[in-house]
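The values are calculated or read from the model by the stated rules, or taken from the named source; none is laboratory data. Given the structure is predicted, the values throughout are model-derived calculations rather than measurements. Cβ coordinates were reconstructed from backbone atoms using ideal geometry, including for glycine residues, and neighbour counts include every protein chain displayed. The protein model used for the area step is the full one, side chains on, heavy atoms only, and it has no ligands, DNA or RNA in it. Shrake-Rupley method; radii C 1.70, N 1.55, O 1.52, S 1.80 Å.
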Amino acid sequence: MAKILRRERLVPNIHLLEVHAPEIACKCQPGQFVIIMPDERGERIPLTIADWDKKKGSITSIFMVVGTSTHKLSLLNTGDEVPVFVGPLGMPSKVEKYGTVLCTGGCFGIAAIYPVARALKEAGNKIITLLDAKASYLLYWEDKLKAVSDKFFVASRDSYYNCKDYIPHVISNVIKEEKKIDRVISIGCTYLIYTCSEATRSLGIKTIVSLNPIMVDGTGMCGACRVTVDGKTKFACVDGPDFDGHLVDWEELFSRRKAYFEDEIQSLDFWEKKTFP
Ligand code: FES
């Protein structure tokens with residue numbers, strides 16, 4: 001069992017979850033994830049580690065409310081316990097001195113890109129952060145990301161921020177302005193990381209994406225997270241989650257992510273009626 005230290009709604013559909021897990025906090029690294037089960041009958045959900053506190057022994061993750069299990073997570077309160085909280089899982093992100101790194105994030109990826117950007121900054125890179133939010137009220141952790149960035153942009157569809165545009169166009173503009181980008185890193189929903197990857201393909205800028213396929217065990221045993229990268233079968237939970245976006249078979253990934261779409265809708269409908277009759 002792991003104790004919830006804090007559960008907080010950051011923006012309308014995104015929540016922060018801080019869990020007491022000292023063994024994970026003392027060894028996790030940027031880019032890794034945990035698997036959580038909201039209750040004994042719930043599914044196992046992978047959540048990217050967004051921050052940690054070794055002294056307090058806590059792990060912070062951000063999740064978006066989309067289906068039954070994330071709805072259940074959104075109802076947890078301080079002091080509640082979850083039956084499963086395992087990690088750190090996955091390979092840590094590669095952190096080296098590359099030069100100028102463009103870090104892009106959207107939805108839960110805004111938080112997930114934070115420890116990666118921080119580590120890259122500490123390694124001596126120039127960090128340009130570009131966040132995507134459909135509307136300005138969906139943006140969070142702006143201050144934390146600004147603190148580790150040399151330049152900071154937000155692409156949103158309203159005019160509150162500096163780039164009223166979709167992220168691929170903003171990426172192209174940032175690359176044109178900056179002249180030399182040595183690496184792009186993208187975390188967020190599959191469509192966002194796919195479009196970021198496509199925006200850099202013709203320019204030949206190495207683009208690392210954090211893949212988020214359906215996962216079950218998170219330890220390479222079940223095959224649920226199978227992806228094809230450079231024509232080879234990989235398991236995102238143990239070989240990734242970071243991969244070269246220009247080598248990912250995106251069509252297969254999109255199709256595998258939709259495998260339980262109908263069941264997820266039915267499950268949520270059933271749970272909603274049972275929980276809020
Ligand atoms: Fe089971 Fe990756 S989640 S092999």
Quiz item: Within the set of pairs 6 or more residues apart or between chains, which connect a residue that is of a type in the set (Lys, Arg) inside the range 211-228 to a residue that is in a strand (DSSP E or B) with Cβ atoms less than 7 Å apart?
Solution: Arg226/Thr233; Arg226/Phe235
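Among the candidates Ala236, Ala224, Ala259, single out the residue that is touching a strand residue (DSSP E or B) at 6+ places or on another chain (Cβ under 8 Å), closer than 22 Å to Ser69 by Cα and of a type in the set (A, V, I, L, M, F, W, C).
Values: Ala224 fails: touching a strand residue (DSSP E or B) at 6+ places or on another chain (Cβ under 8 Å); Ala259 fails: touching a strand residue (DSSP E or B) at 6+ places or on another chain (Cβ under 8 Å).
Within the list Ala236, Ala224, Ala259, the selection yields Ala236.
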Exercise. Kindly indicate the residue of the range 176-190 that is basic (Lys, Arg) and in contact (Cβ under 8 Å) with a residue 24 or more places away in the chain and also nearest to the ligand (Cβ to nearest atom) among those meeting that condition.
Key: Arg183
Quiz item: Only one residue in Gly67, Gly105, Gly109 is among the small types (Gly, Ala, Ser) and over 14 Å from Leu145 (Cβ atoms), so which one is that?
Solution: Gly67
Exercise. From (1) open to solvent by less than 10 Å² (accessible area, probe 1.4 Å); (2) under 18 Å from Gly218 (Cβ atoms); (3) under 17 Å from the mean Cα position of the chain (by Cα), pick out the condition that doesn't hold for Ile45.
Key: (1)
Quiz item: Which members of the range 50-95 meet the condition of being at pLDDT below 95 and hydroxyl-bearing (Ser, Thr, Tyr)?
Solution: Thr68, Ser69, Thr70, Ser74
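Going by what's in this entry, would Glu8 be described as free of Cβ contacts under 8 Å to residues at least 40 places away in the same chain and under 23 Å from Ala133 (Cα atoms)? First the steps, then the outcome.
Details: free of Cβ contacts under 8 Å to residues at least 40 places away in the same chain: yes; under 23 Å from Ala133 (Cα atoms): yes.
Yes, satisfied.
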Exercise. Restricting attention to the range 30-64, report how many residues are out of contact with any strand residue (DSSP E or B) (no Cβ under 7 Å at 6 or more places or on another chain) and under 25 Å from Ile185 (Cα atoms).
Key: 2
Self-check item: Residues of the range 30-82 classified as touching a helix residue (DSSP H, G or I) at 6+ places or on another chain (Cβ under 7 Å), of a type in the set (Gly, Ala, Ser) and in a strand (DSSP E or B), total
Solution: 2
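Here are Ile113, Ile181, Ile128: which of them is modelled with pLDDT of 90 or more and part of a loop (DSSP other than H, G, I, E, B)?
On the way: Ile113 fails: part of a loop (DSSP other than H, G, I, E, B); Ile128 fails: part of a loop (DSSP other than H, G, I, E, B).
Just a single option satisfies the conditions, and that option is Ile181.
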